[in-house]
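Undergrad: Here it is, the structure, as structure tokens.
The values are calculated or read from the model by the stated rules, or taken from the named source; none is laboratory data. It should be emphasised that the depicted structure is a prediction, and the values quoted were computed from it without experimental measurement. All Cβ positions, even for glycine, are placed from backbone atoms using ideal geometry, and neighbour counts span all protein chains on display. Note: accessible area is taken over every heavy atom of the protein model, side chains too, but ligands, DNA and RNA are not part of it. Shrake-Rupley method; radii C 1.70, N 1.55, O 1.52, S 1.80 Å.
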Amino acid sequence: QVQLVESGGGLVQAGGSLRLSCAASGISLSIYRVSWYRQAPGKQREDVANIIMSGATNYVDTVKGRFTISRDNAKNTVYLQMSSLRPEDTAVYYCNARRVGAEYWGQGTQVTVSS
């Protein structure tokens, strides 16, 4: 059975940092496109950062220079290092792993940034 388990969310003041983790079981994240999505209340879920098999990364403009996505193949875990956090980063953050014919989601972790 495939599981993606996110952790690392919490409450932080503006300007602070958090590191989110997405640990997988049942699949190898190294052969998936892994994304961090977020969804704020009343807004659509958006792909904020992703990493593909080659290790190339992409970011939405609003987090460029502040967030870094990385992958540890030995731990089968993808991380999202978030720095210089802003109140508008407040959302539930979800891990997504996708490849042709398969897609998996984690349960989400809440990130709240206070001003």
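Undergrad: Would you mind working out the magnitude of the charge dipole of the chain relative to its Cα centre, with +1 at each Lys and Arg C-beta and -1 at each Asp and Glu C-beta, to the nearest 20 Debye?
TA: The calculated dipole for the chain is roughly 120 debye.
Undergrad: Oh, and also: In debye to the nearest 20, how big a dipole does segment 45-98 give about its Cα centre with +1 on each Lys and Arg Cβ and -1 on each Asp and Glu Cβ?
TA: 160
Undergrad: Can you compute the FRET efficiency between residue 52 and residue 88 using 1/(1 + (r/R0)^6), with r the Cβ-Cβ distance and R0 = 25 Å? Round to the nearest 0.05.
TA: 0.40
Undergrad: Obtain the nm distance between the two label points defined at residue 40 and residue 3 by a simple spin-label model: each point lies 7 Å from its Cα along the Cα-to-C-beta direction.
TA: So the label points at residue 40 and residue 3 sit 3.2 nm apart.
Undergrad: So, one more: Take the solvent-accessible surface of the protein heavy atoms, probe 1.4 Å, and return the percent of it on the chain that carbon and sulfur atoms account for.
TA: 47
Undergrad: Take the Cβ-Cβ distance between residue 13 and residue 110 as r, set R0 to 22 Å, and report the resulting FRET efficiency rounded to the nearest 0.05.
TA: 0.90
Undergrad: Follow-up question, since we're still on this one. Can you bin segment 44-109 into rounded, prolate or oblate? Criterion: square roots of the alpha carbon gyration tensor eigenvalues sorted a ≥ b ≥ c, rounded for a/c under 1.5, prolate for a/b above b/c, oblate for the rest.
TA: prolate
Undergrad: Pick out, from 27, 41, 92, the residue whose Cα sits farthest towards the positive end of the charge dipole of the chain, with +1 on the Cβ of Lys and Arg and -1 on the Cβ of Asp and Glu.
TA: 27
Undergrad: For segment 39-115, what's the relative contact order in percent, using C-alpha pairs closer than 8 Å and at least 6 residues apart?
TA: On the way: 98 pairs, mean separation 17.4, N = 77.
So the answer I get is 23 percent.
Undergrad: Something else: About its Cα centre, what dipole magnitude does segment 67-115 give when the only charges are +1 on Lys and Arg Cβ and -1 on Asp and Glu Cβ, stated in debye to the nearest 20?
TA: 180
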